[in-house]
1. Could you state the number of Å between the C-alpha centres of segment 106-165 and segment 17-80?
2. Students often get this wrong, so check it: of Lys47/Lys92; Lys49/Lys75; Lys25/Lys146; Lys24/Lys92; Lys25/Lys75; Lys50/Lys75, which have C-alpha atoms separated by over 29 Å?
3. Between Val105 and Ala147, what's the calculated FRET efficiency when r is the beta-carbon distance and R0 is 30 Å? Round to 0.05.
4. If we count other beta carbons within 10 Å of each Cβ, what is the order of His113, His230, His53, His97, fewest first?
5. For a footprinting-style exposure proxy, rank Ile200, Ile191, Ile251 by other Cβ within 10 Å, fewest first.
6. May I ask which residue of Ala242, Ser136, Ser187 lies farthest towards the positive end of the charge dipole of the chain, with charges of +1 (Lys, Arg) and -1 (Asp, Glu) on Cβ and the Cα centre as origin?
Amino acid sequence: MISRGRDIPTVATIYRLMFEPQRKKVYLSFPMSHVMDLPGTLAEIEKFKKAIHQHFICFDPGDVDEFLIYAAGDKAQQEGREPDPLYAIAGKQRSTHNTFFTLPVLFTMISPHYAMTYGARDNWLVLIAICAAGVSMRLYFVARHKAHERNGRTSPLPAALGLLTLAGVAAALMPQPRDGGVAPNGSFARIQAIVAQRCISCHSANPTQSGFTAAPNGLLLDTPERILAHTQQMRQQIATRAMPLGNITGITEEERTEMLTWIDRGAPH
Ligand code: HEC
């Protein structure tokens, strides 16, 4: 899903993604459509890209440039040379990849809205399963486009497999009912201690978490009253593992269970 990288090799991006998780990720964005014939501006954009690439893991839409492959073939033809078959092979490979990975890529783009997927314990498995489901459904679409080669018939099997896989993922991620809640130390004092340790570095008037200058979404959890006023919202965020954000404050499974149990018991205080 990472583009080939036009100027900066993709290897560096992959390496950073795997081994330097603390490095910030950025999606580069710059005006493109009206500057293609302005060499000065293009040079400025290139300079900007290079500088940013030195510090961040960059997802660069400018690198997703299949046109380069086509242009190389075209140029060879104009010069009376045989186009290098490598370009055609690479082009076909990209095109196949793009065809089958359309749905997985779309899902990955909107996945920040679905904390139950990336917040799952085996989130890598969830991603693989959803990718497989997307590829499977795409197989069905592709087959349908060529139905005329098989007397108009298309097997619904790949689509069914894809849907089944998605249903399986949904079932696996379903929140588990918990057993009536005999969590230890489930007192309000204990909950306040967990919130103080795991949440208020962000959710307070003056966050101590670097990068935050105000409580995210204006949600303050820094007094007993404010905690009690937001229990249902907290329940949702903790159960889906959306919070603490990226688990930067290292909440434990026991603490999650304790908080959920306390809320489900009616937040006694
Ligand atoms: C590293 C900072 C950080 C920590 C730590 C953190 N949060 Fe958050 N929280 C955020 C951000 C950022 C948002 C906004 C997310 C969004 O709008 O998509 C948020 C949003 C929320 C919301 C949703 C508010 C709304 O508008 O609906 C709740 C509830 C919440 N957090 C609860 C918690 C709880 C409970 C904890 C501790 C267990 C916690 N957060 C720890 C950064 C943090």
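Nothing in this text is a laboratory measurement; each read-out follows from the coordinates by a stated rule. Keep in mind that what you see is a predicted model, and the values were worked out from it rather than measured. When we count neighbours, we look across all protein chains shown, and the Cβ atoms used for this are built from the backbone with ideal geometry, even at glycine.
1. First find each Cα centre; the distance between them is then 30 Å.
2. Lys47/Lys92; Lys25/Lys146; Lys24/Lys92; Lys25/Lys75
3. Rounded to the nearest 0.05, the efficiency is 0.75.
4. In order of increasing Cβ crowding within 10 Å: His113, His97, His230, His53.
5. Least to most surrounded, the residues fall as Ile251, Ile200, Ile191.
6. Checking the options against the dipole of the chain, the answer is Ser136.
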